[in-house]
Amino acid sequence: MEFKDKVVIITGAGSGFGAAAVRKFVDEGANVIAADINEGSLVDIVESVAAAPGTTVAVTTDVTNRDAVQNMVDTAVKQFGTVDVLINNAGGGHPPQFLHEMSEEQYDFIFNLNTKSVFYGVQCAVPVMTENGGGVILNTASIGAKSPRPKSAAYNSAKGAVVVMTRALAVELARFKIRVNCLCPVASETDFFKSVTGQDAMTDEQRKFFTSDIPLRRMTDPDDVANAMVYLASDKASFLTGISLDIDGGKSI
């Protein structure tokens with residue numbers, strides 16, 4: 001078990017990519033802080049991994065609130081002594097909308113959720129990692145940061161900022177032996193899709209539309225992203241920092 005006794009914080013852990021990551025890391029023996037704003041979803045994920053080799057502790061966290069993020073990190077230290085891996089995965093989009101028609105409040109919310117949350121996570125976790133002699137930070141961006149779709153400018157821009165922030169942090173934090181990378185998934189049929197469309201599931205027509213420009217002709221499965229997270233957080237990726245890994249079935253080619 002590669003992550004035995006390692007301490008991993010995962011935000012947005014209640015569903016989608018985050019929930020898949022919780023399962024992967026605890027299967028590898030990690031002690032996981034599962035953070036999400038939805039307390040009910042955290043109860044479900046913790047119960048689902050109760051038999052896994054690692055330990056999971058749920059912390060209800062609003063990643064747009066610095067005090068809540070600090071509490072998340074403090075809980076990791078109190079429960080397990082340190083933080084080895086921080087996965088800034090929480091994020092969200094908006095219903096299709098032209099940027100010039102969006103309210104300032106909507107714009108601020110999207111940037112706070114997707115970008116400022118990374119800022120808070122880094123500010124709170126880096127001092128612990130530095131004291132610990134190093135660590136790994138992973139940020140979930142989006143292929144939309146590189147191949148934007150119309151009516152998603154605010155979301156795409158926020159995720160673009162995450163990509164650039166990742167590269168800048170990789171340079172800044174290398175001296176502390178902290179690696180920083182990000183992941184850029186293509187669309188996935190998760191709660192994220194539900195949040196921006198209001199639908200419980202995609203129609204066949206929508207699925208065909210989203211996969212039409214993906215060479216592998218399918219959407220991202222949460223395990224695709226979780227597997228990449230495990231790899232990037234592992235010693236196998238010890239010389240990788242500042243990269244943005246496209247998990248997109250070839251869409252960005």
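The values are calculated or read from the model by the stated rules, or taken from the named source; none is laboratory data. None of the values given here were measured: they were computed from a predicted structure. No Cβ is skipped: glycine too gets one built from the backbone with ideal geometry, and neighbour counts run over all protein chains shown.
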| Among the candidates A161, A170, A125, A174, residue that is more than 22 Å from A68 (Cβ to Cβ), surrounded by 15 or more Cβ atoms within 10 Å (Cβ to Cβ) and among the aliphatic types (A, V, I, L, M) | A170
| request: May I ask you to list pairs of residues, at least six apart or on different chains, whose Cβ atoms are under 6 Å apart, with the first in the stretch 159-186 being in a strand (DSSP E or B) and the second being among the charged types (D, E, K, R)? | output: C184/D246
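For residues that are in contact with a strand residue (DSSP E or B) (Cβ under 7 Å, 6 or more places away or on another chain), within 14 Å of A52 (Cα to Cα) and not small (G, A, S), scanning just the stretch 6-27, find the one that is surrounded by the fewest Cβ atoms within 10 Å (Cβ to Cβ).
The initial filter retains those residues of the stretch 6-27 that are in contact with a strand residue (DSSP E or B) (Cβ under 7 Å, 6 or more places away or on another chain), namely 6-14, 17-18, 21-22, 25-26.
In the following step, the residues that additionally are within 14 Å of A52 (Cα to Cα) were identified as 21-22, 25-26.
Add one more test, that the residue is not small (G, A, S), and what stays is 22, 25-26.
On the way: V22: 31, F25: 29, V26: 26.
Restricting to residues being in contact with a strand residue (DSSP E or B) (Cβ under 7 Å, 6 or more places away or on another chain), within 14 Å of A52 (Cα to Cα) and not small (G, A, S), the top hit is V26.
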| note | Result of the Cβ filter at 8 Å on the stretch 220-243, keeping first residues that are at pLDDT below 95 and partners that are among the acidic types (D, E) and assigned to a loop (DSSP other than H, G, I, E, B), at least 6 apart or interchain, is T220/D248
| note | Filtering the stretch 41-94 down to residues that are touching a Lys or Arg at 6+ places or on another chain (Cβ under 9 Å), free of Cβ contacts under 8 Å to residues at least 40 places away in the same chain and buried (at least 22 other Cβ atoms within 10 Å of the Cβ) yields I45
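Among the residues of the stretch 125-154, write down those that are of a type in the set (A, V, I, L, M, F, W, C), part of a helix (DSSP H, G or I) and closer than 24 Å to I110 by Cβ.
A125, I143, A145, A153, A154
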